[in-house]
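This report refers to the structure that appears directly beneath it.
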Amino acid sequence: MNPMNIGDIASWLIAQGLKGSSEMEILDGFCERCRKNELPIDRALALIDTLHPVYEGRAFQWDGIAREHRAFEYGPTVDSTEADNWMRSAFHHLRTTGGEEVRRRIGFGEPADFFMLDTLLAAGHKDYVAMIHRFAEDSHIGEMDCFYSHWATTAPDGFSEDGLFALRKLVPVLALAIKSASLARISRTIAEVYLGEDAAKQVLEGRISRGKAERISAALWFSDLQNYTRISDSLPPDEIIPFLNDYADAVISSIHEAGGNVLKLIGDGTLAIFKSEEAEEACGRALRAEYLLREKLVDLNARRHAEGRPVTEVYLGLHIGDVFYGNIGSSDRLDFTVIGPAVNEVSRIASLCRFVDRSIVMSSSFVSAAPPARDSEMVSIGRYALRGVKKAQELFTLMPLEPDEG
């Protein structure tokens, strides 16, 4: 590969990084351009750690012989199987020795002593090069402190010196382009994990100014756990977080599956909204989430009971009304949430669940807006005065359908 072609590929990589192409698109285009310019890459793998509540990082695999590529997440490398593979890898060797590159001419008698090299040799690969490109310490995001890559070829003579020279010049540019894409992905992940999907989208689109809020009508959800204080007081400290996580996962996944957005976790409480241009649709989604939650709680409580761990139920208040949705706070600490009388009312409605001994309580405005098909399940429990609300309100609960009514 002549220097002019190296420059062309480097320029393409820079353009892809600026454009915001995905990691897999970048690796795919890079490998194809290298092959067209007589750098015989037949197999490539790129790894970069991430900042994610479940995954440790992402991998991007390219196969020029099979003409396929795939991206996948990998879990913590401290786990048994993953840890063993990692310890035997060329990447771990480079990380622990401080090296930047390691080569094995496996088709010419050199040892296939790293993980996967025997597989590559059996597939006809002759030459293998692994690289690590470290990031400056003050540029780390989580565990993302370097870019790993390896390259293999089936060419009869392996990689030429010119080919290795091209790789050494181009892979740092590839690393920068993929790092750029990964940082954008991390930004979205962090925003969605801590703000919720819809609020994250709003913030990442630029709605970050204090006081910038819109008036919306939404179905409101507020839930908390039955007897949480008593249960948490009796639990060992290391059991409290798993207890909360189990029930929070059931609540949050149900809301998300039904098209809602979780805005705030307050101890054992969850505030969520269901947005739609049609009130009936918004209320229908909230009721769908309630149904999904009750199904999940059956399985969750059965599992926890079998493990000898405490179980509970979820108290839920549902309401619909106008709220302000946006940024509230100080100049350097903002919260993207909803405020307004309707938010206060839904929390008060949820708190009545204990008093009336019902797992769900709904406002009359929610019931009026809900899909008519659910009317037979909604039963009045009387009028109640809500703390901080001027007028007493008629409230409702859900009664299960009889078997012959389904």
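Tabulated data
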item	result
Residues of the stretch 42-65 classified as small (Gly, Ala, Ser) and in contact with a helix residue (DSSP H, G or I) (Cβ under 7 Å, 6 or more places away or on another chain), total	3
Hits in the stretch 56-73 (condition: surrounded by fewer than 16 Cβ atoms within 10 Å (Cβ to Cβ) and in a loop (DSSP other than H, G, I, E, B))	65, 66, 67
Pairs, first under 14 Å from residue 44 (Cβ atoms) in the stretch 113-140, second of a type in the set (Lys, Arg), C-beta under 6 Å, six or more apart	127/105; 128/104; 129/103
Per-region count, the stretch 302-334, residues without any contact (Cβ under 8 Å) to a residue 12 or more places away in the chain and under 30 Å from residue 239 (Cβ atoms)	7
Residue list for the stretch 164-197, restricted to those being within 22 Å of residue 108 (Cβ to Cβ) and either touching a strand residue (DSSP E or B) at 6+ places or on another chain (Cβ under 8 Å) or charged (D, E, K, R) (or both)	164, 167, 168
All positions within the stretch 1-55 that are under 15 Å from residue 165 (Cα atoms), among the aliphatic types (A, V, I, L, M) and open to solvent by 60 Å² or more (accessible area, probe 1.4 Å)	4
Subset of the stretch 88-112 (residues that are closer than 20 Å to residue 41 by Cβ and free of Cβ contacts under 8 Å to residues at least 24 places away in the same chain)	106, 110, 112
Matching residues, the stretch 228-241, being part of a helix (DSSP H, G or I), touching a residue at least 60 places away in the same chain (Cβ under 8 Å) and not hydroxyl-bearing (Ser, Thr, Tyr)	231, 239
Residues that are of a type outside the set (Val, Ile, Thr) and either in a loop (DSSP other than H, G, I, E, B) or in contact (Cβ under 8 Å) with a residue 40 or more places away in the chain (or both), drawn from the stretch 166-179	166, 167, 168, 169, 170, 174, 175, 176, 177, 179
Selected residue (criterion: farthest from residue 62 (Cα to Cα)) from residues of the stretch 93-111 that are touching a helix residue (DSSP H, G or I) at 6+ places or on another chain (Cβ under 8 Å) and open to solvent by less than 40 Å² (accessible area, probe 1.4 Å)	99
Positions within the stretch 125-142 being closer than 23 Å to residue 184 by Cβ and charged (D, E, K, R), in sequence order	134, 137, 138
Tally of residues being modelled with pLDDT of 95 or more, open to solvent by 40 Å² or more (accessible area, probe 1.4 Å) and out of contact with any helix residue (DSSP H, G or I) (no Cβ under 6 Å at 6 or more places or on another chain) across the stretch 253-271	1
Test for residue 76: is it in a loop (DSSP other than H, G, I, E, B) and surrounded by fewer than 16 Cβ atoms within 10 Å (Cβ to Cβ)	yes
Criterion violated by residue 103 - all others in (1) part of a strand (DSSP E or B); (2) within 30 Å of residue 190 (Cα to Cα) satisfied	(2)
Criterion: of a type in the set (Val, Ile, Thr) and either under 21 Å from residue 215 (Cβ atoms) or open to solvent by 70 Å² or more (accessible area, probe 1.4 Å) (or both) - qualifying residue of 360, 328, 381	328
Among (1) touching an Asp or Glu at 6+ places or on another chain (Cβ under 9 Å); (2) over 18 Å from residue 170 (Cβ atoms); (3) without any contact (Cβ under 8 Å) to a residue 40 or more places away in the chain - the single one residue 52 does not satisfy	(3)
Filtered residues of the stretch 186-195 (kept if within 10 Å of the chain's Cα centre (by Cα) and open to solvent by less than 70 Å² (accessible area, probe 1.4 Å))	186, 189, 190, 191
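Here is a yes/no grid of residues against (1) within 17 Å of residue 73 (Cα to Cα); (2) outside any loop (DSSP other than H, G, I, E, B):
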position	(1), (2)
18	no, yes
24	yes, yes
32	no, yes
47	yes, yes
51	yes, no
54	yes, no
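Per-residue answers, yes or no, for (1) surrounded by 19 or more Cβ atoms within 10 Å (Cβ to Cβ); (2) among the small types (Gly, Ala, Ser); (3) in contact with a helix residue (DSSP H, G or I) (Cβ under 7 Å, 6 or more places away or on another chain); (4) at pLDDT below 90:
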{"residue": "310", "(1), (2), (3), (4)": "no, no, yes, no"}
{"residue": "314", "(1), (2), (3), (4)": "yes, no, yes, no"}
{"residue": "319", "(1), (2), (3), (4)": "yes, no, yes, no"}
{"residue": "334", "(1), (2), (3), (4)": "no, no, no, yes"}
{"residue": "350", "(1), (2), (3), (4)": "yes, yes, no, no"}
{"residue": "356", "(1), (2), (3), (4)": "no, no, no, no"}
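The values are calculated or read from the model by the stated rules, or taken from the named source; none is laboratory data. These numbers come from a predicted model, not from an experiment. Here Cβ is always computed from backbone atoms with ideal geometry, including for glycine, and neighbour counts include all displayed protein chains. Heads up: the accessible areas ignore ligands, DNA and RNA and are worked out on the full protein's heavy atoms, side chains in. Shrake-Rupley method; radii C 1.70, N 1.55, O 1.52, S 1.80 Å.
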